[in-house]
Structure formats: C-alpha cells, structure tokens
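Colleague: Before I ask anything, let me first share the structure, which is written out below as structure tokens.
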Amino acid sequence: MTEMQTGRSVFPFTAIVGQDTMKQALILNAINPAIGGVLIRGEKGTAKSTAVRSLTKLLPALDVVADCRYGCPPDDADLQCAECTERVAKGNTLPRGRRRMRVVELPINASEDRVVGAIDIEAAIKRGEKEFEPGVLAEANRNILYVDEVNLLDDHIVDVLLDAAAMGQNTVEREGVSVSHPSRFILVGTMNPEEGELRPQLLDRFGLCVDVEGIRDVRQRVEIVERREAFEDDPAAFAERFEPSEHAEAESIARAISVLSDVVVDRSILVAIAALSIELEVDGHRADIVTRKAAQALAAHEDRPAVGIDDVEHVAPLVLAHRVKPGLSGSRRGVGDIAEILRSAHDGDVATGS
C-alpha cells in the first residue's frame, strides 16, 4: 500500500486541460461519497491519476481523533470505531487533530489480508485478545481509495472493495473471530478496456462511469504540453498562477458539502428518473438511487436550492454508461434518448400533478 503524494508538487486540478466530464464525476463523488465511486475507462496518458491526486488539495480538511488509526471524526459517534467508542464510554476525552484528505493507492498484487486486514488468531484463542493488523481499507477510511487497473484485480478483491464502499464498514472474520471498523472512502477505479473488462455485476457497483480518450483538438494538445513544461520548470510559480481558480473550486466544493442535504428533490424528478431506467431496461434500482444522489450533488455544486431536470439529464449518462445494455435492434432506445425520455416523463408528471 502506498500513499500518493499530495504536496506542493501536485499538478493543480483546475489546470488540467479538457476532461471536464471526468473532473466533474470526481467532484460529485467528493461532495457525496454515497454516490458509490467513479470508474474511469480509457487509454493511458489522459490525466486520470493526475486528476485524482490533485483533487485532494480542493477538499476540506478533516477533524480527526489524533491517535486513532482509522482517523475517526471526534464529534460523530455514529462514525467512530469500536476503540474510540469504548474510550468515550469510559469518560475519556478524545485527542483532536486536523489533517487533509489523502489518496491511498491499492497495489495491483495486493492479497486479501493486505486489503481487509489480518487477525492474529493465535492471540485471539490463547489470550482472548483481538489483535488486528489494519489493511488498505483501514487506511482508506475518510480518504480517497485509488485503484489503478481495477479490471486486472481478482474479482473477489473488487467485491470486497465495493462492499466496503457501499456499507462504509469493513468486517474481517477468521476462525469465528470477527473485527469491524469504519471504512468510508471515495472510490476511484481506472482501467483500459483493451486489457480486459469488468464483469457486469462489478461494473454496476460503481456509481458513475466516465470514458476518456486523448484530446484531438490541436490548440488544447499544445496547451497541455505548455502547461506541463511550465509546471516542471517551476512548480511553485505554476501553482501560484492557478491559486485563484483552485481556491474558488475548493470553496465551491466545501459549500456544496455543507448544503447537500438541503437541496430539494421533488417527486416529479424521481418519476422522471424511474421512467428513464424503465425505458432503457436498466436492471435493479441502483441506477435510480445513484442518479438522484448525483443530481443532488450537482445542484449543490452549482448553488441551486432544488434539483432540476437539467441536472438529471447532465448526470444520467455517467450513471448509465456502464449499465445500459447494447441495443438488440434498431428500435431499442439507448443513452442518446435520455433527454427526450426524461422531459416526457417529468412534464407528464407535473401536468397530472401526480
């Protein structure tokens, strides 16, 4: 397990040329991690890892229990580990600290024990003590978990990651001994489809999916080279150049996080979302839930008090890109019909007042 650098030498998020859809998907997950993470599919050299590294500098600092190995929040008992809960129950005051969110990277060859953590069975049996060696999912708590080439991981490891992301908790069971700890993180997976696909069941577990490719516009490609060279020549001066836009984006994200729960999602919006999933024959209900959360996060980010049908239309392709089956015939509707389906369902529901 390694921690990706998040210091001054990180390329600024707002300096990344193009790839706006990828950047927005990352921001939406940062505003509401319950969206379920983002899968970024595409060729190498498209700023995937750069965007993930640089996002952390835009996120609000975290209040933590200073000596907790999981970085528990000192003021939220519901999100604390068993050790912090026990200390509070005994009347102890939890020491406070403050730190920035980090990016934790999962090695491609990581074993299950390295991911979930290991229990010392001998100590548990002989002394009745639960000696637990935390793994990647413990380090990832309240951070960003970055999984490069997620399609090359063992399916079982991917299952474990997605379970923890969905539940916000990691549970390890060995020989009748069980240990649980909080594991709430922003999950980002990247993959090159040419190297193999994820199973559909695993694809569906990612909240959003973005397909990226190299930029074809000549001016933008030149700008990419010029910015990269300027950054390498003088990282501090380059960072200072983009400080105003970085500060503005950081403030926008912080505000969105604080007002997220106040953003209204009317029933007519939910009707439109449901109709979209039915019309596109999307399996299950995860797409509906993720679309609602993503649209709400987008409205919060753009400082709107309520979700509009435009918000749904904007995030729906990210939610459905990996969930809509390829058309079986020329008459079958697909992602290109999103706007028409949404507006028809929404306008019809508003008109009937149902």
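Values quoted throughout were computed directly from the atomic coordinates according to the rules given, and no laboratory measurement underlies them. In this text the structure is predicted, and so the values were computed from the model without any measurement. Glycine gets a Cβ as well: all are built from the backbone with ideal geometry, and neighbour counts include every protein chain shown.
Colleague: When the Debye formula is applied to the Cα atoms of the chain, each taken as the same point scatterer, what base-10 log of I(q)/I(0) results at q = 0.11, 0.14 Å⁻¹?
Modeller: Each listed q corresponds, in turn, to -0.82, -1.25.
Colleague: Output the 0 to 90 degree angle, nearest 10, between the alpha-carbon long axis of helix 218-233 and the longest principal axis computed from the alpha carbons of the chain.
Modeller: Between the helix axis and the principal axis of the chain, the angle is about 30 degrees.
Colleague: Still on this structure, I have one more. For a Förster distance of 30 Å, can you work out the FRET efficiency between the beta-carbons of Glu213 and Ile278, rounded to the nearest 0.05?
Modeller: 0.45
Colleague: Please report, in debye to the nearest 20, how large the charge dipole of the chain is about its Cα centre when each Lys and Arg carries +1 at its beta carbon and each Asp and Glu carries -1 there.
Modeller: So the dipole magnitude of the chain works out to roughly 440 debye.
Colleague: With angles folded into 0 to 90 degrees, how steeply does helix 338-352 sit against the dominant principal axis of the chain? Use alpha carbons for both and round to 10.
Modeller: The angle comes out near 80 degrees.
Colleague: I need Met101, Met167, Met22 ordered by Cβ neighbour count within 10 Å, fewest first.
Modeller: Met167, Met101, Met22
Colleague: Fully extended, how many nm does the chain gain between Glu302 and Val264 (0.36 nm per residue separation, minus their Cα-Cα distance)?
Modeller: Once the chain is fully extended between Glu302 and Val264, it gains 12.3 nm.
Colleague: What does the extension gain come out to for Asp120 and Asp63, with contour length at 0.36 nm per residue minus their alpha carbon separation?
Modeller: 17.5 nm
Colleague: In addition: Within the chain, how many Lys pairs that are eight or more residues apart, or on different chains, come under 18 Å at the alpha-carbon?
Modeller: Lysine pairs, 8 or more places apart or on different chains, close enough: 5.
Colleague: Going by how many other beta carbons lie within 10 Å of each one, how would you line up Lys23, Lys90, fewest first?
Modeller: Starting with the residue having the fewest Cβ neighbours, the order is Lys90, Lys23.
Colleague: How far is helix 243-259 tilted off the main Cα axis of the chain, in degrees rounded to 10, range 0 to 90?
Modeller: Helix 243-259 sits roughly 80 degrees off the main axis of the chain.
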